[in-house]
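What follows is a short report on a single structure.
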Amino acid sequence: MLKEKAGALAGQIWEALNGTEGLTQKQIKKAAKMKADKDFFLGLGWLLREEKVATSEAGGEIFVKLV
């Protein structure tokens, strides 16, 4: 069941990032209507494993963009 949730959260993050040059963690959580950091990191981990996103740190916050 957690695997399905991770996939769904990854889809929400991907949709939030699609059409942008990248967003911060806070911007992604707002666009994807995520409340918990653990949901963000679960979905982000999925996308990182699939090599769909690249991350960096910007101003002390995680910055994510599609590759």
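Throughout, read-outs are computed from the coordinates displayed, never taken from laboratory work. Fair warning: this is a prediction, and the values are worked out from it, not measured in the lab. Neighbour counts run over all protein chains shown; Cβ positions are idealised from the backbone, glycine included.
Quick rundown of the values:
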| quantity | calculated |
| --- | --- |
| Any chance residue 66 is surrounded by fewer than 19 Cβ atoms within 10 Å (Cβ to Cβ) and touching a Gly at 6+ places or on another chain (Cβ under 8 Å) | yes |
| Given (1) in contact (Cβ under 8 Å) with a residue 24 or more places away in the chain; (2) surrounded by fewer than 19 Cβ atoms within 10 Å (Cβ to Cβ); (3) of a type outside the set (D, E, K, R), number of the condition residue 44 does not satisfy | (2) |
| Qualifying positions in the range 8-21 - surrounded by 13 or more Cβ atoms within 10 Å (Cβ to Cβ) and over 10 Å from the mean Cα position of the chain (by Cα) | 8, 20 |
| Residue tally, condition under 9 Å from the mean Cα position of the chain (by Cα) and either part of a strand (DSSP E or B) or more than 15 Å from residue 6 (Cα to Cα) (or both), over the range 25-56 | 3 |
